[in-house]
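Engineer: A single structure is presented below for examination.
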Amino acid sequence: MKTLKFKLYSHKRNKYLKASINAAGVIYNHCIALHKRYYRRWGKHLNCAKLQAHIAKLRKRKEFWQSVGSQAVQDICQRIEKAYQLFFKHHKKGVRPPNFKKVKKYKSFTLKQAGYKFLGGNRVKIGSRVYQYWNSTEVEGKVKTLTIKRTPLGELFLVVVVDSIDEPGIRLTTGKIAGFDFGLKTFLTCSDGTTIVSPQFFKQSLNVIKKANRHHSQKLKGSSNRERARKNLVRAHEDISNRRTDWFWKLALSLTNRFDVLCFETLNLKGMKRLWGRKISDLAFQDFLNILEWIAKKKGKLVVYIDQWYPSSKTCSCCGHVIDPLDLSVREWRCPSCQSINGRDDNASKNIQSVGASMVGLGNVRQAMPAIAV
């Protein structure tokens, strides 16, 4: 599966797609209300098939609902069902059930087998109207789903999922393995001694965000000036997100060019956010790992995660001695066994490399015993 994203050209006919997204939001809220009412009355979960049949009958009587394709309506019911199943399975972990959404903030609807047709070039037919999009790459393979997505700025995008088989190309192998340790001051510390510092894009633009927020809060609610200020604030956040994503892609390409196996430590990001808050969100470790996994899979490289509870910072990379406790403020420590001086991040990256190598069968975490002269 491959996901392609195209931006629709701005045109007055785009108002029909925006109206369809609004109608999808109304249907979504109606389904949520039916679920809540059914549970209050019968104490049971509303079956997805029954909900779809009921909505199909209502749709025939409501003209506004008919602006959304029948398959898109089915997809809305299926998404709500999936959200409830996740809630039933993980409610003890804090997962909440789906709830109502503001229609003007509702984002998208999805068409599956019918309701759209690519006409070649940069034209696509959705419903009975033809739209043009920015054709940045050719749509090759069988189209599985088409999602029309609205951004907070009101721009429309096509998200196309294609079932395509990539031809295996020439894959360059380096025969190298590396371990990486995430940090707050240093984004990545590599086991080969190199370090990568994050630009911290949100911190760079913090004054711009504060100014845009202040201007937005000072405007009268419901006025056109407040809407204009809201769009300026959204543009500032989108600029930060785009710059960060661009840096992640370039960094991931660079690392996969240098190494064949990349080892990382499993992180408890929710716990880290509770401790350090905005800084963890600015570093966006998980977003980087998602991009790295995608590129590594495409290039035939391997991303390995070691156990979250392995004491990578407390274990001496020279002799394997584990020191306990080790406060987070200690950035360098001397091993009481072999007297070697270990930098916290550099030592952790070397241990992550050795454990990752043992997981893929390229090494052993047990330290070699030193030779003793007799």
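Engineer: Under a 5 Å amide H to amide H cut-off, with H placed in plane at 1.01 Å, what residues pair with Thr174 once short-range neighbours are removed?
Structural biologist: Asp260
Engineer: If you keep only loop residues by DSSP, which chymotrypsin sites (Phe, Trp or Tyr not before Pro) in the range 77-117 have at most 13 other Cβ atoms within 10 Å of their Cβ?
Structural biologist: Details: sites: Tyr84, Phe87, Phe88, Phe100, Tyr106, Phe109, Tyr116; in loops: Phe100, Tyr106.
Sparse-neighbourhood loop chymotrypsin sites (Phe, Trp or Tyr not before Pro): Phe100.
Engineer: A further question on this structure: Quick query: amide H of Cys319 versus all other amide H atoms, modeled in the peptide plane; which residues come in under 5 Å with a sequence gap of 5 or more or a different chain?
Structural biologist: none
Engineer: How far, in degrees from 0 to 90, does helix 285-299 lean away from the longest principal axis of the Cα atoms of the chain, to the nearest 10?
Structural biologist: Result, in degrees: 90.
Engineer: Select from the range 240-345 those chymotrypsin sites (Phe, Trp or Tyr not before Pro) which occupy a DSSP coil region and have at most 16 other Cβ atoms within 10 Å, ordered by residue number. Could you put the intermediate results ahead of the total?
Structural biologist: Numbers: sites: Trp247, Phe248, Trp249, Phe259, Phe264, Trp276, Phe285, Phe288, Trp294, Tyr305, Trp309, Trp333; in loops: Phe259, Trp309.
Of the chymotrypsin sites (Phe, Trp or Tyr not before Pro), the ones in loops of the range 240-345 whose Cβ has at most 16 other Cβ atoms within 10 Å are Trp309.
Engineer: Residues of the chain: accessible area per residue at 1.4 Å, in Å²?
Structural biologist: 62
Engineer: By how many nm would the segment from Tyr310 to Lys18 lengthen if fully extended, with 0.36 nm per residue of separation less the alpha-carbon distance? Write down the numbers at each step before the final one.
Structural biologist: On the way: separation 292, 0.36 × 292 = 105.12 nm, distance 4.99 nm.
Result: 100.1 nm gained on full extension.
Engineer: Starting from the amide H of Leu267, placed 1.01 Å from N in the peptide plane, find each other amide H under 5 Å away whose residue is 5 or more places distant or on another chain.
Structural biologist: HN-HN under 5 Å from Leu267: empty list.
Engineer: How many percent of DSSP beta bridges within the range 1-132 run antiparallel, rounded to 5?
Structural biologist: 100
Engineer: First compute the accessible area of the range 1-154 with a 1.4 Å probe, then give the percent of it belonging to carbon and sulfur atoms.
Structural biologist: Values: 5070 of 9920 Å².
With neighbouring chains kept in place, the figure for the range 1-154 is 51 percent.
Engineer: State the extension gain, in nm to one decimal, for the chain segment bounded by Lys101 and Phe88, taking 0.36 nm per residue of separation less the distance between their alpha-carbons. All intermediate terms of the calculation are to be shown ahead of the outcome.
Structural biologist: Working: separation 13, 0.36 × 13 = 4.68 nm, distance 2.05 nm.
In short, 2.6 nm is gained.
Engineer: I've got another one for you. Just one of (i) 47, 25, 24; (ii) 36, 26, 20; (iii) 33, 24, 20 is semi-axes √(5λ) of the Cα gyration tensor in Å calculated from these coordinates, so which is it?
Structural biologist: Answer label, from the structure shown: (i).
Engineer: Okay, moving on. Which percent of the accessible area of the range 218-374 is formed by carbon and sulfur heavy atoms (probe 1.4 angstrom)?
Structural biologist: On the way: 5110 of 9530 Å².
After summing per-atom areas, the C and S share lands at 54 percent.
Engineer: Let me ask something else. Using θ = phi - 60° and the Karplus relation 6.51 cos²θ - 1.76 cosθ + 1.60, list the HN-Hα couplings for the range 193-201 in order, rounded to whole Hz, with x at every Gly or Pro.
Structural biologist: The phi angles translate into x, 7, 10, 10, 9, 6, x, 6, 4 Hz.
Engineer: Counting other Cβ atoms within 10 Å, keep those with at most 13, restrict to DSSP loop, and tell me which trypsin sites (Lys or Arg not before Pro) in the range 192-257 are left.
Structural biologist: On the way: sites: Lys203, Lys210, Lys211, Arg214, Lys219, Lys221, Arg226, Arg228, Arg230, Lys231, Arg235, Arg243, Arg244, Lys250; in loops: Lys219, Lys221.
The qualifying sites are Lys221.
Engineer: If you don't mind, another one. Quick one: 3J(HN,Hα) in Hz for the range 233-249, Karplus 6.51/-1.76/1.60 with θ = phi - 60°, rounded, Gly and Pro as x.
Structural biologist: 5, 5, 4, 5, 5, 5, 4, 5, 4, 5, 5, 5, 5, 4, 5, 4, 4
Engineer: Compute the Cα gyration tensor for the range 243-363, then decide on rounded, prolate or oblate, letting a ≥ b ≥ c be the square roots of its eigenvalues: rounded whenever a/c is under 1.5, prolate when a/b is larger than b/c in the other cases, and oblate in all that remain.
Structural biologist: Details: a/c = 2.27, a/b = 1.36, b/c = 1.67.
It comes out oblate by the Cα gyration axes.
Engineer: Right, something else. Work from the charge dipole of the range 193-347 (Cβ charges, +1 for Lys and Arg, -1 for Asp and Glu, about the Cα centre) and give the residue of Gly300, Leu233, Gln339 farthest towards its positive end.
Structural biologist: Of the listed residues, the answer is Leu233.
Engineer: A further question on this structure: Within the range 175-206, whose backbone N sits under 15 Å from a point 7 Å along Cα→Cβ of Lys279?
Structural biologist: 182-188, 197-204
Engineer: Can you bin the range 108-237 into rounded, prolate or oblate? Criterion: square roots of the alpha carbon gyration tensor eigenvalues sorted a ≥ b ≥ c, rounded for a/c under 1.5, prolate for a/b above b/c, oblate for the rest.
Structural biologist: On the way: a/c = 3.42, a/b = 1.03, b/c = 3.30.
Oblate, because a/c is 1.5 or more while a/b does not exceed b/c.
Engineer: Taking the Cα atoms only, what angle lies between the long axis of helix 14-42 and the longest principal axis of the chain, rounded to 10 degrees?
Structural biologist: 80
Engineer: Share of antiparallel DSSP beta bridges in the range 212-358, in percent to the nearest 5?
Structural biologist: Just about 45 percent of them are antiparallel.
Engineer: Here's something else I'd like to know. Over the chain, what is the percentage of antiparallel beta bridges among all DSSP beta bridges, to the nearest 5? Write down the numbers at each step before the final one.
Structural biologist: On the way: 36 of 44 bridges.
Percent antiparallel among DSSP bridges in the chain is about 80.
Engineer: To the nearest 10 degrees, how steeply does helix 70-90 sit against the main Cα axis of the chain, on a 0 to 90 scale?
Structural biologist: The two axes meet at around 40 degrees.
Engineer: State whether the range 61-159 is rounded, prolate or oblate according to the following rule on the C-alpha gyration tensor (a ≥ b ≥ c being the square roots of its eigenvalues): a/c under 1.5 gives rounded; otherwise a/b larger than b/c gives prolate, and the remaining case gives oblate. All intermediate terms of the calculation are to be shown ahead of the outcome.
Structural biologist: Numbers: a/c = 2.00, a/b = 1.76, b/c = 1.13.
Note, shape of the range 61-159 comes out prolate.
The values are calculated or read from the model by the stated rules, or taken from the named source; none is laboratory data. The shown structure was predicted, so the numbers you read here are calculated from the model rather than taken from an experiment. Note that each Cβ is placed from the backbone with ideal geometry, even for glycine, and that neighbours are counted across all protein chains shown. Quick note on the areas: whole protein, heavy atoms, side chains included, nothing else; ligands and nucleic acids left out. Shrake-Rupley method; radii C 1.70, N 1.55, O 1.52, S 1.80 Å.
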